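Asker: This is the structure I have questions about; it appears just below.
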Amino acid sequence: MSDETIYRLPIRIYYEDTDFSGVVYHAAYLKFFERGRTEALRACGVHHSELLTREEPLAFAVRKMTTEWLIPAKIDDMLEVRTRFVSAKGARMILAQEIWREDALLARADVEAACMSVSGRPRRLPADVISRFIAPRAGG
């Protein structure tokens, strides 16, 4: 990940996250990535509960996710989910995520999330929300 703002979330691996051999089940990483995105938004002052109480209630839904698993995590490992906001345009935001164990990259994901009405219709990301997590670029 680049030097732009990276949000970090520690995750401990519990028995419930693993298969019978003590290795983290692949679907558990999706939960870890979700928690990382939620906590990154929260760190920027964007709370799901607040979005739901707007005049037009809004929510986020993952539209597309490309995931790569590189090294397995195991029971009792201490991991770190790193999340970086890449861009936001229209109803979509793009995020880059990685899961690390100390100095080893275990998994990464490129995520496209859509802003939606509670009835499931795409909605433009409100400017006040975008401004909380996408920093203005120097010179433009």
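We did not get these values from a lab; they are worked out from the coordinates using the rules stated. Please read all numbers here as calculations on a predicted model, not as lab measurements. So basically every Cβ, Gly included, is an ideal-geometry build from the backbone, and we count neighbours across all protein chains shown.
Asker: If amide H atoms are built 1.01 Å from N in the plane of the peptide, which residues on other chains or at least 5 residues away come under 5 Å of the amide H of Asp77?
Answerer: Ile13
Asker: Enumerate the calculated ³J(HN,Hα) couplings along region 67-81 in order (Karplus 6.51 cos²θ - 1.76 cosθ + 1.60, θ = phi - 60°), each rounded to whole Hz, writing x wherever the residue is Gly or Pro.
Answerer: 10, 10, 9, 10, 9, x, 8, 10, 3, 6, 4, 10, 10, 9, 8
Asker: Moving to a separate point now. Of the labelled options [x] 29, 17, 12; [y] 48, 16, 11; [z] 19, 19, 16, which one gives semi-axes √(5λ) of the Cα gyration tensor in Å as computed for this structure?
Answerer: Given [x] 29, 17, 12; [y] 48, 16, 11; [z] 19, 19, 16, the calculated one carries the label [x].
Asker: I've got another one for you. For the chain, give the magnitude of the charge dipole about the Cα centre (Cβ charges: +1 Lys/Arg, -1 Asp/Glu; no others), in debye to the nearest 20.
Answerer: Working: 21 positive and 20 negative charges, 135 e Å.
Computed about the Cα centre, the dipole is about 640 debye.
Asker: Nearest 0.05, what FRET efficiency do Val86 and Leu30 give at R0 = 22 Å with Cβ-Cβ as r? Mind showing how you got there, number by number?
Answerer: Working: r = 19 Å, r/R0 = 0.86.
Efficiency computed from Cβ-Cβ geometry: 0.70.
Asker: Could you name the lysines whose alpha carbon sits less than 28 Å from that of Lys89, not counting residues in the same chain fewer than 8 places away?
Answerer: Straight-line reach from Lys89, under 28 Å: Lys31, Lys64.
Asker: A follow-up question, please. So what are the ³J(HN,Hα) numbers for region 122-131, from phi and the Karplus equation (6.51, -1.76, 1.60; θ = phi - 60°), rounded to whole Hz, Gly and Pro as x?
Answerer: Per-residue couplings from phi come out as x, 9, 4, 4, x, 4, 5, 6, 4, 5 Hz.
Asker: Let me ask something additional. When ranked by the protection proxy of mean other Cβ atoms within 10 Å per residue, highest first, what sequence do the peptides 49-59, 16-26 form?
Answerer: Values: 49-59: 11.6, 16-26: 14.4.
For the peptides 49-59, 16-26, the packing ranking is 16-26, 49-59.
Asker: Taking H as built 1.01 Å from N, whose amide H comes closer than 5 Å to the amide H of Arg123, not counting residues under 5 places away?
Answerer: Cys115, Met116, Ser117
Asker: If you take every residue apart from Val46 with its C-beta less than 13 Å away from the C-beta of Val46, what net charge results, scoring Lys and Arg +1 and Asp and Glu -1? Provide the component values of the computation, followed by the final result.
Answerer: Details: positive: Arg37, Arg42, Arg54, Arg132; negative: Glu39, Glu50, Asp128.
Here the count lands on +1.
Asker: Check Val86: other-chain or 5+ apart residues with amide H under 5 Å from its amide H, H built from backbone geometry?
Answerer: Here the answer is Ile94, Leu95, Ala96, since their amide H atoms fall under 5 Å of that of Val86.
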